[in-house]
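*Asks:* Have a look at the structure that comes next, please.
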Amino acid sequence: MKKLSLFSPGTIANISCGFDVLGVALDEVGDVMHFEVTDKPGWQISEIKGADLPLDVAKNTAGVAGLSLLNTYKSQGGDPPGFSLMIEKNIKAGSGIGSSAASASGAVWGLNELLNRPFSPLELVSFAMEGEKLASGVAHADNVAPGIFGGFTLIRSYEPLDIVALPCPDDLYAVVLHPQIEIKTQDARSILKTQLSLRQATTQWGNLGGLIAGLYTNDYGLISRSLVDVVVEPIRSLLIPGFDELKKTMLESGALGAGISGSGPSVFGLAQGNDQARSIAQAIEINYRQWGIDFEVHCAKINTQGIKMIQA
Ligand code: HSE
């Protein structure tokens, strides 16, 4: 294979009760990336459409993730050809739906395909985390893992990296409202408390276990009861204009639960079925206008495949 194009999905990290350990991939919302094997040696980003981001591979999340993969490949005796990458960015930076992760995970996934898959999905996640580190200062995996594995993923452990791909009910949808303000993940992390009370921890891990059990058993009631975050949301929601009312509107129009998507400002709701998702989308589109902030609403089925080849 000399070239390929892929779709790298947007992702919702945390999903309320799973700060840094839970994430899910979305259908339809995502970036498109075009790779080519080149005669010129090295790894380069030729163009980025739709965003003003550095082309220098050492300063770009896709670039750094790709470098991490290629350096490991070389350290294991591989002799890679040259590669060039063109990115169509559809996910805005600082949106909370995994913009940097889509670039980083797409880059390593595409390179791995062109090298005939020398690396496992788990290894790809560890390379992509280098891109996340560049973007936010922290190598969190809860956006890149669902991009690479698809569906819902649990980061059971960071050291050693241990990822569990979780099942997902067939008709689960996500609705995401993205207010067009930027919140940098690094800033949204810097305001978090580093200590929890035992009561908060108990509530949080009860809900995390409940959500995962609900995914395994298709129990929408359990999923709904478990979409609660007593640790991060009370602090970060203050950065999102209209958060409380937006969440209330989602719940009143039938969402199973709602919360902050990743580090915000996007707010997500989960829904059972497309019709429910569409009516939530309609309700929040009307309700959010009062804040005078431009916004976009995405309505997407859960993407159980993750990154997809769109042209070989
Ligand atoms: N878990 C990360 C955070 C996700 O909440 O900071 C960022 O997208």
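*Asks:* Quick one: would you say VAL21 is within 16 Å of the ligand (Cβ to nearest atom), closer than 27 Å to PHE152 by Cα and open to solvent by 20 Å² or more (accessible area, probe 1.4 Å)?
*Replies:* Taking the combined requirement at face value, the residue satisfies it.
*Asks:* OK, next. Quick one: GLU28 ticks every box in (1) in a strand (DSSP E or B); (2) free of Cβ contacts under 8 Å to residues at least 12 places away in the same chain; (3) among the charged types (D, E, K, R) except a single one, so which number is it?
*Replies:* With (1) in a strand (DSSP E or B); (2) free of Cβ contacts under 8 Å to residues at least 12 places away in the same chain; (3) among the charged types (D, E, K, R) applied to GLU28, the lone miss is (2).
*Asks:* Those residues that are more than 16 Å from the ligand (Cβ to nearest atom) and farther than 25 Å from ASN303 by Cα, I need them from segment 156-199; list them, please.
*Replies:* GLU159, PRO160, GLN195, SER197, LEU198, ARG199
*Asks:* Do you know which residues across segment 117-154 are away from the ligand (no atom under 13 Å from the Cβ), in a loop (DSSP other than H, G, I, E, B) and free of Cβ contacts under 8 Å to residues at least 60 places away in the same chain?
*Replies:* Result: ARG117, PRO118, PHE119, SER120.
*Asks:* Another question, then. Out of curiosity, is MET1 part of a loop (DSSP other than H, G, I, E, B) and of a type outside the set (Val, Ile, Thr)? Show your work before the answer.
*Replies:* Values: part of a loop (DSSP other than H, G, I, E, B): yes; of a type outside the set (Val, Ile, Thr): yes.
Yes.
*Asks:* Based on this model, can you work out whether ASN90 counts as away from the ligand (no atom under 16 Å from the Cβ) and within 23 Å of THR304 (Cα to Cα)?
*Replies:* Yes, satisfied.
*Asks:* Mind checking which pairs have a first residue in segment 272-299 that is small (Gly, Ala, Ser) and a second that is part of a helix (DSSP H, G or I), Cβ under 8 Å, 6 or more apart or different chains?
*Replies:* Every condition considered, the pairs that remain are ALA283/THR249; ALA283/MET250; ALA283/GLU252.
*Asks:* Let me ask you something else. Does at least one position in segment 31-52 carry a residue that is within 16 Å of the ligand (Cβ to nearest atom), in contact with a helix residue (DSSP H, G or I) (Cβ under 7 Å, 6 or more places away or on another chain) and more than 28 Å from LEU192 (Cα to Cα)? Walk me through how you get there before you give the answer.
*Replies:* Filtering segment 31-52 down to residues within 16 Å of the ligand (Cβ to nearest atom) leaves 31.
Then keep just the ones that are in contact with a helix residue (DSSP H, G or I) (Cβ under 7 Å, 6 or more places away or on another chain); that gives 31.
With the extra rule that they be more than 28 Å from LEU192 (Cα to Cα), the set shrinks to 31.
Yes, that holds for at least one residue.
*Asks:* What is the number of the single condition among (1) assigned to a helix (DSSP H, G or I); (2) under 20 Å from the mean Cα position of the chain (by Cα) that VAL164 does not meet?
*Replies:* The number of the failed condition is (1).
*Asks:* Failed condition for VAL176, given (1) open to solvent by 30 Å² or more (accessible area, probe 1.4 Å); (2) within 16 Å of GLY94 (Cα to Cα); (3) in contact with a Cys (Cβ under 9 Å, 6 or more places away or on another chain), with all others met?
*Replies:* Among (1) open to solvent by 30 Å² or more (accessible area, probe 1.4 Å); (2) within 16 Å of GLY94 (Cα to Cα); (3) in contact with a Cys (Cβ under 9 Å, 6 or more places away or on another chain), the lone unmet condition for VAL176 is (1).
*Asks:* I'm told THR202 meets every condition in (1) surrounded by fewer than 23 Cβ atoms within 10 Å (Cβ to Cβ); (2) in contact (Cβ under 8 Å) with a residue 24 or more places away in the chain except one. Can you identify the failing condition by its number?
*Replies:* Going through the list (1) surrounded by fewer than 23 Cβ atoms within 10 Å (Cβ to Cβ); (2) in contact (Cβ under 8 Å) with a residue 24 or more places away in the chain, THR202 breaks only (2).
*Asks:* Residues of segment 42-86 being among the acidic types (Asp, Glu) and either touching a residue at least 40 places away in the same chain (Cβ under 8 Å) or in a helix (DSSP H, G or I) (or both), which ones? Spell out the reasoning first.
*Replies:* First pass over segment 42-86, keeping only residues among the acidic types (Asp, Glu): 47, 52, 56, 79.
Selection gives GLU47 alone.
*Asks:* In segment 95-128, what residues are under 28 Å from GLU296 (Cβ atoms) and open to solvent by 20 Å² or more (accessible area, probe 1.4 Å)?
*Replies:* Answer for segment 95-128, where residues must be under 28 Å from GLU296 (Cβ atoms) and open to solvent by 20 Å² or more (accessible area, probe 1.4 Å): SER100, TRP109.
The values are calculated or read from the model by the stated rules, or taken from the named source; none is laboratory data. Keep in mind that what you see is a predicted model, and the values were worked out from it rather than measured. Note that each Cβ is placed from the backbone with ideal geometry, even for glycine, and that neighbours are counted across all protein chains shown. The protein model used for the area step is the full one, side chains on, heavy atoms only, and it has no ligands, DNA or RNA in it. Shrake-Rupley method; radii C 1.70, N 1.55, O 1.52, S 1.80 Å.
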